[in-house]
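Participant: If you scroll down you'll find the structure; I have some questions about it.
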Amino acid sequence: MTESRLPKRLPAVSRGQLWMSLIGAGLALVISSLALVAWFSHQAEAIHRAGQESAARLVANGLANAVFSDLITRDYGALESRLVQAMSTENLVSVLLLDSSGKTVAHVQRDPDTRKPAAGFDPVKASIPDDLSRIRIEHGIIEYWTAIGKPIRNGVLRVQLSASAYDSALMNLQSQMTWILTGTSAALMLILGLMLRQTYVLFEARESGLLQIQRHLTSVAYRDALTGLPNRHLLREQLDRIIRDSKEQGGGFAVCFLDLDEFKAVNDQFGHEAGDELLVQVAQRIENCLRHSDIAFRLGGDEFVILLSNISRIDQAKPILERILATSRLPGRWKNQELYYGISMGVALYPSDATTPEDLISYADRAMYAAKRSGKARWALASGQQNFLV
């Protein structure tokens with residue numbers, strides 16, 4: 001076909017079909033855009049709600065594990081300290097702890113003006129819901145209840161959280177996308193991709209924030225607040241692990257139970273502040289005496305436990321024990337005062353003395369008391385097969 005035979009213009013029907021096609025394509029684009037806006041809004045709201053629920057459950061369950069031991073032992077001072085420490089999470093508004101009868105044990109809430117956490121001492125009238133697993137959201141505050149102790153309920157914990165900075169950023173992003181997606185066609189898809197990527201970055205940042213909260217709560221649950229040493233919760237886990245490894249790989253280890261001599265005299269003469277400072281210094285001295293593979297724990301008060309790995313004979317542990325005893329010959333210091341103390345220790349060997357966590361700690365504890373009866377500032381072996389008192 002030559003150029004002269006081409007039509008000079010499209011027939012009217014063909015032009016009408018073209019316009020209808022363009023209009024249809026535009027309408028399809030507008031409808032698909034609106035559908036995409038609705039879908040994104042729904043997904044963003046669902047993810048936002050799921051993130052709030054996940055954060056509430058994570059915080060509540062972490063706090064429940066952290067305060068379980070203190071609630072059982074009724075150490076309300078330590079319990080309140082843990083709750084105040086946990087309130088470093090910015091969007092945590094209130095923490096309420098009730099015992100099994102519904103009586104208020106502790107209530108820590110954030111001051112609306114100063115944003116600082118404070119403990120309240122007045123009883124709180126709170127109705128424990130029948131379904132603890134249900135999340136409640138009212139006026140932007142997320143409320144979640146969880147039981148403490150299973151199968152026997154020792155108490156219940158209520159946490160209230162406000163929207164985090166990541167939540168606000170997500171909702172602002174949703175509003176921006178609603179306006180942008182109703183714009184024109186070609187640019188809309190590019191902008192959509194960029195904004196979805198930004199959404200992903202915000203979600204990643206939010207997940208990172210939740211991981212930081214989890215690490216913080218783990219530290220509260222498994223670390224002694226005063227000395228920073230692992231506490232009795234982590235001791236049991238580490239004992240189970242090291243026993244399992246010893247069974248699989250052979251070898252043994254030692255459990256050393258430490259108690260400070262004359263610690264009560266330090267508290268009576270200089271006060272509990274001086275006693276706390278002495279405990280911090282003793283913890284540092286003990287850690288400086290250990291090998292990289294050894295772990296020191298604080299059980300509470302002036303009692304410590306040390307796990308000495310790869311120990312099959314007492315003579316292998318003797319240099320470490322003597323280093324620890326030597327540190328107690330130098331007094332601690334507090335406000336230019338010298339704090340004199342001693343250390344009595346009991347040692348139990350795995351597997352020669354005992355093979356279970358309970359027996360190892362019990363035998364080491366008895367050996368420590370034997371060392372005290374023998375004159376203090378020394379160590380004693382649990383088995384008693386050799387006289388290693390020094």
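The values are calculated or read from the model by the stated rules, or taken from the named source; none is laboratory data. Everything numeric here is computed off the predicted structure, so don't read it as measured data. Every residue, glycine among them, receives a Cβ derived from its backbone with ideal geometry; neighbour counts consider all protein chains shown. Side chains included, ligands, DNA and RNA excluded: accessible areas come from the protein's heavy atoms. Shrake-Rupley method; radii C 1.70, N 1.55, O 1.52, S 1.80 Å.
Participant: When you go through (1) part of a loop (DSSP other than H, G, I, E, B); (2) among the charged types (D, E, K, R); (3) more than 23 Å from Phe270 (Cβ to Cβ) one by one for Arg366, which number turns out not to apply?
Facilitator: (1)
Participant: Continuing with this model, one more query. Are there any pairs, at least 6 apart or on different chains, whose C-beta atoms fall under 7 Å, with the first in segment 61-78 and touching a residue at least 24 places away in the same chain (Cβ under 8 Å) and within 20 Å of Gly120 (Cα to Cα) and the second hydroxyl-bearing (Ser, Thr, Tyr) and not in a helix (DSSP H, G or I), and if so, which?
Facilitator: Filtered contacts from segment 61-78: Ala64/Thr146.
Participant: Restricting to segment 319-339, what's the tally of residues that are touching a strand residue (DSSP E or B) at 6+ places or on another chain (Cβ under 9 Å) and crowded, with 16+ Cβ neighbours inside 10 Å?
Facilitator: The total comes to 8.
Participant: A further question on this structure: Just checking, does segment 345-363 include any residue being at pLDDT 95 or above and within 22 Å of Gln269 (Cβ to Cβ)?
Facilitator: No, segment 345-363 contains no residue that is at pLDDT 95 or above and within 22 Å of Gln269 (Cβ to Cβ).
Participant: Additional query: If you scan segment 103-136, which residues turn out to be at pLDDT 80 or above, part of a strand (DSSP E or B) and of a type outside the set (D, E, K, R)?
Facilitator: Thr104, Val105, Ala106, His107, Val108, Gln109, Pro117
Participant: Filter segment 39-63 down to residues that are more than 12 Å from Leu161 (Cβ to Cβ) and open to solvent by less than 10 Å² (accessible area, probe 1.4 Å), then give me how many there are.
Facilitator: So the count comes out to 1.
Participant: Here's a follow-up. Starting from residues that are modelled with pLDDT of 80 or more and exposed (fewer than 15 other Cβ atoms within 10 Å of the Cβ), keep the ones in segment 70-85 and report whichever is nearest to Gly300 (Cα to Cα).
Facilitator: Thr73
Participant: Looking only at segment 145-158, how many residues end up being assigned to a strand (DSSP E or B) and open to solvent by 20 Å² or more (accessible area, probe 1.4 Å)?
Facilitator: So the answer is 2.
Participant: Kindly indicate whether Gly140 is surrounded by fewer than 15 Cβ atoms within 10 Å (Cβ to Cβ) and either hydrophobic (A, V, I, L, M, F, W, C) or closer than 22 Å to Gln52 by Cα (or both).
Facilitator: So Gly140 fits the description; yes.
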